[in-house]
Each structure stands twice: as C-alpha cells, then as structure tokens.
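Here the structure is laid out as structure tokens; the discussion comes afterwards.
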Amino acid sequence: MQDNPRDAHLERQLEVWAASHPDTGLSPALRQKVHGVLASSLTPVKPLPSQSRLILAFLAVFVACAAGLIAVMDKAGFHLMTGAQMGWMAAILAGGGVLFSISLAGQMVPGSRRALPFSVVLVLSGVAVIAGIALLFPWRASSDFISEGRPCAVMELMIAIPAAAIFWLLARRGALVASAGLGAALTGLTAFLALTPLQTQCMFQQAPHLLVWHGATAAILIGLGALIGDCLGRFGPRLR
Amino acid sequence: MMRYQRADPAALEELVRRISPPLLRYFGGSRASRNDREDLLQDCWIRIHRSRHTYRASEPLMPWIYAIARHTRLDAYRKRRRLESREVLVASVPEGLHQTVPELPRGQDDFDQLVASLPETQREVLVMLKVSGMSLEEVAFATSSTVGAVKQKAHRAYTALRRALGKDREHAR
C-alpha cells in the first residue's frame, strides 16, 4: 500500500488521526465509581455452556416438540406424500432447524465466532423450502384455496407461539445484543418446528397451498420476530 | 475474567483498571466529549457485569469486551438520534457547549470530518483497526462478522478516503 504516494499520504493521515484520539487514563474517581457500582452486585456466576451444547439443546427441543406433535396430530399428509417428497422435506426442515439453532446459539454470546452470517442462513433456508416445495409437489390449486388454507396458517401460528416461548426460555440466559437478528432467528427456528408436524398433518399436498399457507406464514413469522426484536432492542430493556 | 466470574473483588478491580483505558480510547473514536466517554464507559461496564456469564475461557477476551462496547455505543447513538429528532432549535447556543469537542489542527480537523462522513459500519471498522489497534480477526469477532467482510469494509473506507483526499488536493491546486 505504501508504494503509491497517495496511499502513503493516507496512511500518514490515518496514523495522525488515530494518535489524535485522547488516551487519557482512567481517573481514580471514575475507577472507584465503576468498581463501587459493580462490587455491590458481585456474585458468582455459572458460565454459559459451550456453543455446541447450546446448539444441541435447541435441536433437542426442536426434535422432541416435532416428534411429540407428529405423534398426537392427524397424519393425512404422511399418507399422501411419496417417499421422495417425505425424504426431501424432512431433510429441508431438519436442515433449517440446524441452521437456525446454530445462528441462535451464536447470537447468545457477544463477539462469538459466526460460521455463517445470519443473512446466509435466512436465504439458504428460504431458497431450500421454496425450491423443495416447487419441485417436489404438483402445481394444482383447488377452488377452495382460501378456506382450505386458513386452518393450516392458524395451526402453524398455534404451534409457533408456544414454541417461541420455549426457545426464548433457553435463549434468554445469553447476552442478547443483536435484537432484530435474534428475533428472526428465534421465530425462524419456531417456524421450521411448526412446519414439520404441519407437513405430515396437512391433506393438501400441492405446491400453491404449501407455498402460500405454510411457507408464507413462516416468512411472516420470521419478519414479525425481527420486527419485535428490533423494537425491543430500540425501546425495551437493554442487554441483560 | 474467570476469577471475576467467581466473584473475586480483586479480579474485578484489576479488570476495571486494565480494560477501561482502551475502552475510553474506543469511545473517543466517535469524537465524544470526556463526559460522554465516561458515561459510555460506565454503561459498558454495567453491561459487561450483567453478561459476564456469557464469557467463555476458551474464547479471546477483548473481542467479547469490544462486542459489548460496540452495542453500548450504538445504543447511545440511537438514543442521541431520537433525542435530536425531538429537539427544537433555539436562536443561540447556550454558553459552554462549544468546548465539548477537543480542537484539532486545521488539516487534521478536515480529515476527521472526512472520517466522520464515512458510513457508520466503515467508520467503526477504521476505529477498531486504527484507534483500538485490533487485528482483522478480533474486529470480525467483535462485530459478529467475517474477516472477509471486515477487509471489504476497510477497503471501502480507504477507497472513499483516498478519493476524498485526491479531490482535496486537486482543489488546493
């Protein structure tokens, strides 16, 4: 960079600029004040478990809830799907669960290593669901498109809301600093959890129905999560 | 830090003594007044204290600290923006408010304005790299991004500054 005289000039300017930032030490009064405030509430704390254990905890809840719901709900969709449809959708939904679990666990710790940026998680999982449904399921829509779809969307919400509360109970121990991303990751995980039993329960295994009433509801849930998270981050209680 | 997690008061004192100066320098990166920097420091320490259980011994300490400091600064910036948007302009500025930002030599003041005109994410990366002396990997940890993304932001900041400096020189001729 130094080869170019303009770059050398810029480097010099940046060095002067960096050096111009005040490097005044901490005054004893301020040090005393900070120490006094913190010492009054100094109690032993148990460090968070490792990243992999957090991810496993989220996945365990995801699998347990999905399996429990599949067991108790109607299995009309299960009997209507072909082996390929079932296998691919299971892989896509489980993959989404893994990706959002990794993202959520990463957001619980400030300054932690991010294997995948959240935007990549969002795009990957979204493209996988859309492509999977579009390629695997027939493009037919019945005349009762809305009346058939509404119960699916309501069911998805009924599963996602309590599931979000359960994941929140697990996530709230972290230092939750990126609120919009955290809200989207949390609702993303719950949306994938809700989609799993819904896929085996739904008797309308057609691409338009699955894309609009299952997929779009999940997208709205993720958007709502991001919005609520952002509002809480801006106007709600600060970092725990 | 682990002793601090076990509630050792001596460890807390040592941490406050050692970590506060680089934090004050980091908060000074936004040309804040001394009072503002000290307020930010206190707020940051309260956040560090409340989230001390999220630090893991296997991870580097400073990126964890700077990630919290970064959010402290962003929250303060948002709060200031909200307050400014509600402010009513008065005809004259009350006395004493002019002295909050330290005066710089003319040329450096211009450069400071150039840096201030950069987008927040690029300016933040420059402050962490140049003022706080962090490595690319540490900045990536602190900003929850990748080394590639940090390099890209730094490159864009350099390009914008280089272009602006070039224009200044042409004007000078």
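Does segment A:74-117 hold any residues that are farther than 30 Å from B:Ala142 by Cβ and among the small types (Gly, Ala, Ser), and which are they?
A:Ala76, A:Gly77, A:Gly83, A:Ala84, A:Gly87, A:Ala90, A:Ala91, A:Ala94, listed by residue number.
Identify all residues within segment B:43-54 that are more than 7 Å from every other protein chain (Cβ to nearest Cβ) and either buried (at least 24 other Cβ atoms within 10 Å of the Cβ) or on the phi > 0 side of the Ramachandran plot (or both); write none if there are none.
B:Cys44, B:Ile48
Find all pairs meeting these conditions: Cβ atoms under 7 angstrom apart; at least six residues apart or on different chains; first residue within segment A:73-92 and closer than 18 Å to A:Phe192 by Cα; second residue loosely packed, with under 15 Cβ neighbours inside 10 Å and hydrophobic (A, V, I, L, M, F, W, C).
Pairs found: A:Gly77/A:Met203.
For every residue, the table says whether it meets (1) at pLDDT 85 or above; (2) of a type in the set (D, E, K, R); (3) not in a loop (DSSP other than H, G, I, E, B).
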{"site": "B:Ala32", "(1), (2), (3)": "no, no, no"}
{"site": "B:Ile46", "(1), (2), (3)": "yes, no, yes"}
{"site": "B:Ala57", "(1), (2), (3)": "yes, no, no"}
{"site": "B:Asp75", "(1), (2), (3)": "no, yes, yes"}
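Quick one: which residue in A:Ala60, A:Ala131 is under 16 Å from A:Ala163 (Cα atoms) and either surrounded by fewer than 14 Cβ atoms within 10 Å (Cβ to Cβ) or not hydrophobic (A, V, I, L, M, F, W, C) (or both)?
Just a single option satisfies the conditions, and that option is A:Ala60.
Looking at A:Gly181, A:Gly188, A:Gly149, A:Gly215, which is the one that is under 30 Å from B:His49 (Cβ atoms) and either touching a residue at least 60 places away in the same chain (Cβ under 8 Å) or more than 24 Å from the chain's Cα centre (by Cα) (or both)?
Result of the check over A:Gly181, A:Gly188, A:Gly149, A:Gly215: A:Gly181.
Since B:Glu38 meets every condition but one in (1) at the interface with chain A (Cβ under 8 Å from one of its Cβ atoms); (2) closer than 23 Å to A:Ser112 by Cα; (3) surrounded by 15 or more Cβ atoms within 10 Å (Cβ to Cβ), which condition does it not meet?
In the conditions (1) at the interface with chain A (Cβ under 8 Å from one of its Cβ atoms); (2) closer than 23 Å to A:Ser112 by Cα; (3) surrounded by 15 or more Cβ atoms within 10 Å (Cβ to Cβ), B:Glu38 misses (2) alone.
Within segment A:143-150, identify whether any single residue is out of contact with any Ser or Thr (no Cβ under 8 Å at 6 or more places or on another chain), away from every other protein chain (no Cβ under 14 Å) and outside any helix (DSSP H, G or I), and answer yes or no.
Looking through segment A:143-150, at least one residue is out of contact with any Ser or Thr (no Cβ under 8 Å at 6 or more places or on another chain), away from every other protein chain (no Cβ under 14 Å) and outside any helix (DSSP H, G or I).
Mind listing just one residue for me: the one in segment A:88-118 that is among the β-branched types (Val, Ile, Thr) and more than 14 Å from chain B (Cβ to nearest Cβ) and, of those, surrounded by the fewest Cβ atoms within 10 Å (Cβ to Cβ)?
My answer is A:Val98.
Residues A:Leu198, A:Leu211, A:Leu182: which one is of a type in the set (A, V, I, L, M), at pLDDT below 90, under 18 Å from A:Ala160 (Cα atoms) and part of a helix (DSSP H, G or I)?
A:Leu182
When A:Gly77 is evaluated against the numbered criteria (1) in contact with a helix residue (DSSP H, G or I) (Cβ under 6 Å, 6 or more places away or on another chain); (2) assigned to a helix (DSSP H, G or I); (3) under 29 Å from B:Ala149 (Cβ atoms), which criterion, by number, is the only one it fails?
(3)
Restricting attention to segment A:119-128, and to residues there that are hydrophobic (A, V, I, L, M, F, W, C) and either exposed (fewer than 15 other Cβ atoms within 10 Å of the Cβ) or farther than 15 Å from A:Thr187 by Cα (or both), which single residue is nearest to the other protein chains (Cβ to nearest Cβ)?
The extreme case among them is A:Val120.
What are the residues in segment B:115-138 that are assigned to a helix (DSSP H, G or I) and either among the acidic types (Asp, Glu) or at the interface with another protein chain (Cβ under 10 Å from one of its Cβ atoms) (or both), if any?
Listed by number, the residues that qualify are B:Val115, B:Glu120, B:Glu124, B:Leu126, B:Val127, B:Leu129, B:Lys130, B:Val131, B:Glu137, B:Glu138.
Being within 11 Å of chain A (Cβ to nearest Cβ) and either of a type in the set (D, E, K, R) or surrounded by fewer than 17 Cβ atoms within 10 Å (Cβ to Cβ) (or both) is the filter here; which residues of segment B:148-164 pass it?
B:Gly148, B:His155, B:Thr159, B:Ala160, B:Arg162, B:Arg163
Where residues in segment A:29-52 are hydrophobic (A, V, I, L, M, F, W, C) and over 17 Å from B:Ile19 (Cβ atoms), which of them is farthest from the chain's Cα centre (by Cα)?
Filtering segment A:29-52 for residues that are hydrophobic (A, V, I, L, M, F, W, C) and over 17 Å from B:Ile19 (Cβ atoms), the one farthest from the chain's Cα centre (by Cα) comes out as A:Ala29.
The values are calculated or read from the model by the stated rules, or taken from the named source; none is laboratory data. Predicted, not measured: the structure shown is a model, and the values here were computed from it. Because the Cβ atoms are built from the backbone with ideal geometry, glycine has one as well, and the counts that use them run over all protein chains shown.
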